[in-house]
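The values are calculated or read from the model by the stated rules, or taken from the named source; none is laboratory data. As the structure is a prediction and not an experimental result, all values here were calculated from the model. No Cβ is skipped: glycine too gets one built from the backbone with ideal geometry, and neighbour counts run over all protein chains shown.
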Amino acid sequence: DLEKANYKARIKQLLVERDAVLVAHYYTDPEIQALAEETGGCVSDSLEMARFGRDHPAKTLIVAGVKFMGETSKILSPEKTVLMPTLDATCSLDIGCPIDTFSKFCDAHPDHTVVVYANTSAAVKARADWVVTSSIALEIVEHLDSQGKKIIWGPDRHLGSYIAKQTGAEMLMWQGDCIVHDEFKAKALRELKIKHPDAAILVHPESPASVVELADAVGSTSQLIKAAQTMINDTFIVATDRGIFYKMQQGAPDKILIEAPTGGNGATCRSCAHCPWMAMNGLQAIEASLTATDTSPHEIFVDDDLREAALVPLDRMLNFAQ
Ligand code: 13P
Ligand code: SF4
């Protein structure tokens, strides 16, 4: 509609005027992803968002995603202004892993290597030996396990259990979860599969083990998009945030994509399968981040000491991933 068109035109103009680039996650709403593409920004998983922001020459990064993504960008590019549509866009994994208790947990096991998921605060990253995202977690834990390291893993217990199972690594697990992925239901998924026997099931490993067990492919957002493109099936049942359907369908235009059930009896519930914090990244909020005279509701700042400490495990991941 006209209002949306006006917002988009205004944002495009502001991005140019402010030497800014829009970096969006696959879970943001399709119109936000499309805008990032149209304006030369990027739409990607959390690992690629970090790399794109670091390497792009723009003075300002507009990070449409959740807070840890903005913080990671600032840690990697302290000289850039990092703005977010809203700093209220957080993540249940970040909320469920406060630095004080996590640090005590680590202190109690000093002989363990601390591996944390990117979905954490700068302070938790600063306490870690390694940061990982879901697209690189398995390889990094495999690498550490091959060196005989015992691991503290936080905060996502489902992703941690999946990795422990795959690698056989000894992992002490923090008990966090993602409120979106934790809602996928194995029983209803089995019922849905009976209705679509030829469909392949694609699952993000933040989902419960009972759901992961039913998967034909398990992976990060970018890995699942690739799977839909390369697997021969015509139909896919997808257990992750529905925001992913925009890029997944773009990459596999002839395939049928179905949401995995979050409720009982194969029913999907509208409020599930979409992260409430990702959904805060609307056009109006993006425009506000670019026009605000008081940038405090939008701008990411990371304390210098914390930034330097968090950069070490983040760089370790980025160098490993190269
Ligand atoms: P990816 O790292 O697979 O993009 O997803 C992590 C996630 O859940 C972001 O919210
Ligand atoms: Fe966090 Fe889950 Fe939302 Fe990703 S989808 S930001 S893991 S709450």
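Overview of results
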item	result
Top-ranked residue of the stretch 26-35 - restricted to ones that are among the aliphatic types (A, V, I, L, M) and crowded, with 23+ Cβ neighbours inside 10 Å, ranked as nearest to ligand 1 (Cβ to nearest atom)	Ile32
The listed residue being modelled with pLDDT of 95 or more and surrounded by 13 or more Cβ atoms within 10 Å (Cβ to Cβ), out of Ala309, Ala321	Ala309
Pair list, Cβ under 6 Å, 6 or more apart: the stretch 266-291 residue away from ligand 1 (no atom under 16 Å from the Cβ), other residue of a type in the set (Phe, Trp, Tyr) and modelled with pLDDT of 95 or more	Leu283/Tyr7; Glu287/Tyr7
Cβ-Cβ under 7 Å pairs, at least 6 apart or on other chains, the stretch 38-65 side more than 18 Å from Cys91 (Cβ to Cβ) and aliphatic (A, V, I, L, M), far side in a helix (DSSP H, G or I) and within 16 Å of ligand 1 (Cβ to nearest atom)	Val43/Gln33; Val43/Ala36; Val43/Lys247; Leu61/Gly53; Leu61/Ser73
Complete set of residues in the stretch 21-46 that are out of contact with any Leu (no Cβ under 8 Å at 6 or more places or on another chain) and assigned to a helix (DSSP H, G or I)	Pro30, Gln33, Ala34, Glu37, Glu38, Ser46
Selection within the stretch 39-58 - surrounded by fewer than 23 Cβ atoms within 10 Å (Cβ to Cβ) and within 13 Å of Asp19 (Cα to Cα)	Thr39, Gly40, His56, Pro57, Ala58
In the stretch 117-159, residue surrounded by the fewest Cβ atoms within 10 Å (Cβ to Cβ) [restricted to those that are under 13 Å from the mean Cα position of the chain (by Cα) and in a helix (DSSP H, G or I)]	Ala137
Hits in the stretch 177-215 (condition: without any contact (Cβ under 8 Å) to a residue 24 or more places away in the chain and either touching a Leu at 6+ places or on another chain (Cβ under 7 Å) or among the β-branched types (Val, Ile, Thr) (or both))	Ile194
Pair list, Cβ < 6 Å and 6+ apart or interchain, from the stretch 87-116 residues that are within 17 Å of Leu159 (Cα to Cα) to residues that are within 13 Å of ligand 2 (Cβ to nearest atom) and of a type in the set (D, E, K, R)	Leu93/Asp156
Counted residues, the stretch 74-98 - those being over 10 Å from Val302 (Cβ atoms) and either modelled with pLDDT under 95 or not aliphatic (A, V, I, L, M) (or both)	14
Any chance Val203 is out of contact with any Phe, Trp or Tyr (no Cβ under 6 Å at 6 or more places or on another chain), within 25 Å of Glu142 (Cα to Cα) and surrounded by 23 or more Cβ atoms within 10 Å (Cβ to Cβ)	yes
When residues of the stretch 66-105 are limited to those that are of a type in the set (Val, Ile, Thr) and in a helix (DSSP H, G or I), the one surrounded by the most Cβ atoms within 10 Å (Cβ to Cβ)	Thr72
